[in-house]
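Just so it is clear, none of the values below were taken in a lab; they were calculated from the coordinates. Quick caveat, the model's predicted, so the values are computed rather than measured. Methodologically, a virtual Cβ is constructed for each residue, glycine included, from the backbone with ideal geometry; neighbour enumeration extends over all protein chains shown.
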Amino acid sequence: MKGLIQRVSEASVEVDGRIIGEIGPGILLLLGIEKSDTEETADKLLKKIRTYRIFSDTEGKMNLNLQQANGSLLIVSQFTLVADTKKGLRPGFSNGASPEQGKALYHYFTKQAQATDTPVQTGKFGADMKVRLLNDGPVTFLLEVN
């Protein structure tokens with residue numbers, strides 16, 4: 001499972017001209033799900049995202065996690081994150097989860113996130129989404145768990 005996290009001042013996701021999720025300061029998560037991923041993988045990634053220290057403390061050092069910074073989380077499914085781009089001029093998606101598996105794990109992940117004390121918003125799995133963000137820093141990390 002791959003999670004591209006971006007520290008944002010604000011972010012939103014729109015489907016069919018309507019904003020369906022938006023946050024103020026926090027993390028925009030683009031979530032890529034692979035064939036080998038399980039609920040255990042999702043739990044590990046969620047824990048890492050919530051505890052990853054990417055927010056500045058009073059001295060300007062990245063020492064605070066999402067909860068300590070009182071941030072929100074916007075979760076957007078991002079199938080293209082799992083693409084194999086090592087060869088050729090076209091991405092390969094053979095490592096990606098099937099649509100059924102991807103949807104099930106995406107919904108599992110979002111439900112687990114919503115069960116925490118972090119404010120959570122989401123995109124819509126499989127939809128054509130427009131994502132807007134104001135990256136703070138910019139600060140962006142690719143997190144991977146097995």
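Listing for the model above:
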{"item": "Exposure proxy order (Cβ contacts within 10 Å, fewest to most) of 51, 122, 41, 140", "result": "51, 140, 41, 122"}
{"item": "37 °C / 0.692 mPa s Stokes-Einstein diffusion coefficient of the chain, Kirkwood radius on C-alpha pairs, µm²/s", "result": "212"}
{"item": "Rounded tilt (10° steps) of 99-114 against the dominant C-alpha axis of the chain", "result": "20"}
{"item": "When each of 44/124; 44/86; 47/87; 48/111 is checked by Cα-Cα distance, pairs over 24 Å", "result": "44/86; 47/87"}
{"item": "Residue 22 paired with residue 141, simple spin-label distance in nm, labels 7 Å along Cα-to-beta-carbon", "result": "2.8"}
{"item": "At most 13 other Cβ within 10 Å, DSSP loop - trypsin sites (Lys or Arg not before Pro), the range 42-90", "result": "61, 86, 87"}
{"item": "Length-normalised contact order of the range 2-144 in % [C-alpha pairs under 8 Å, at least 6 apart]", "result": "39"}
{"item": "GNM top mover of 46, 89, 64 - the chain, alpha-carbon springs below 10 Å", "result": "89"}
